[in-house]
Amino acid sequence: LDNKCRLRERRNRSSFLHTARSSHTFPLVWQMHSYSFASANLAFNDTVIVRTLESNRRIIMAKASRISMKQSNTFPFRLHEMLDTVEREGAEDVVSWIPGHDSAFKVHKPKQFVETIMPRFFQQTKYKSFQRQCNLWGFERLLHGPEKGGYEHQNGFFVRGNPALVSKMERRKVKRRPAGASAVQGVDGMIVNNNNNNN
């Protein structure tokens, strides 16, 4: 009797397995597992892509920040900031934008300018050094009229109310003095080579 029961149980199991295989039950289960694995893999890939994009965004922002900091340390940017600041603080009797000239400014009181304003915005400690920087950055001295003594930038990159344009300004390269040539101080503290040798 026990042998007959065991034999019948084996036959039932064989019949069930045959039915399951013929009805694609096993492939369906495998497909379900494969789909779950694929979904998990896609989710992982999406996470990697998002993290990569975020990392790239941070790198771009860091570079932009470094460029912005570099530009903010240039002489024209600090000069623009100084003129806007003294206007807000009511110190336009010392230095100011020239009325009617959006690209020009004038130092009205050089001594007071050096003592009270220059140390706040510039590394220069002498007025002639400040004038030299103006010349190197393309500012031209106004020689006539009521604005005489002021400086103007005619390239359109130093404009009142638009400090972002100063990033397009370029500093003139200073030529090295040849060996044996003497140097004399020119107008506005500029160093001029004197190559006239006395025979």
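The values are calculated or read from the model by the stated rules, or taken from the named source; none is laboratory data. Since the structure is predicted, the reported quantities are computational estimates derived from the model, not experimental observations. Note that we place each Cβ from the backbone using ideal geometry, even for glycine, and neighbour counts take in every protein chain shown.
Some notes on this structure:
- Of all residues in the stretch 139-175, those that are in a loop (DSSP other than H, G, I, E, B), of a type in the set (Lys, Arg) and under 17 Å from residue 97 (Cα atoms) total 2.
- For the stretch 139-150, residues that are of a type in the set (Lys, Arg) and buried (at least 16 other Cβ atoms within 10 Å of the Cβ) total 0.
- Residue 198 surrounded by 14 or more Cβ atoms within 10 Å (Cβ to Cβ), out of contact with any His (no Cβ under 9 Å at 6 or more places or on another chain) and either more than 21 Å from residue 130 (Cβ to Cβ) or at pLDDT below 75 (or both): no
- Residue satisfying all of: in the stretch 150-178; at pLDDT below 95 and over 27 Å from the mean Cα position of the chain (by Cα); farthest from residue 117 (Cα to Cα) among these: 178
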